[in-house]
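Values in this text are rule-based calculations from the coordinates and carry no lab data. Quick caveat: nothing in here was measured; it's all calculated off a predicted structure. Note that we place each Cβ from the backbone using ideal geometry, even for glycine, and neighbour counts take in every protein chain shown.
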Amino acid sequence: MYRAHQDLIGLRRRHPWLTTATTETLSLENTRYAYRTRSAAGDAFLDVTIDLDNTPTVTIRSEADELLWSHTGG
């Protein structure tokens, strides 16, 4: 958990626009939630998917669909 926390702090530092970003839901299902966090200027975004089906997984992808961070399991 400590490593995940460090990774996410690093992600936040690499994307300083997150402090003023807005968030919109992309999909919401019983065991899955996907949302997009977009910069105030609208020129950058991150997509986050939280999947609780079978093995819990979280992924964060850039606007270029590059995997920036993921975590699987408890």
Where Lys and Arg each count +1 and Asp and Glu each count -1, what net charge lies around Trp17 among other residues with Cβ under 14 Å from its Cβ? +3
Would you kindly work out the equivalent ellipsoid of the stretch 2-72 from its C-alpha gyration tensor and give its semi-axes, the square roots of five times the eigenvalues, largest first in whole Å? 20, 16, 9
Tilt of helix 2-14 relative to the longest C-alpha principal axis of the chain, in degrees (0 to 90, nearest 10)? 20 degrees
Computed [θ] at 222 nm, helices only, for the chain once each DSSP H run of length n ≥ 4 contributes -39500 (n - 2.57): -5500 deg cm²/dmol
Taking 0.36 nm per residue of separation between Arg12 and Leu28 and subtracting their Cα-Cα distance, the length gained on full extension comes to 3.4 nm
Quick one: net charge of Glu66's neighbours, Cβ under 13 Å, K/R +1, D/E -1? -1
For every other residue with a beta carbon closer than 14 angstrom to the beta carbon of Arg38, add +1 if it is Lys or Arg and -1 if Asp or Glu, then tell me the sum. -2
Determine the relative contact order of the chain: mean sequence separation of Cα pairs under 8 Å and six or more apart, normalised by residue count, in whole percent. 19 percent
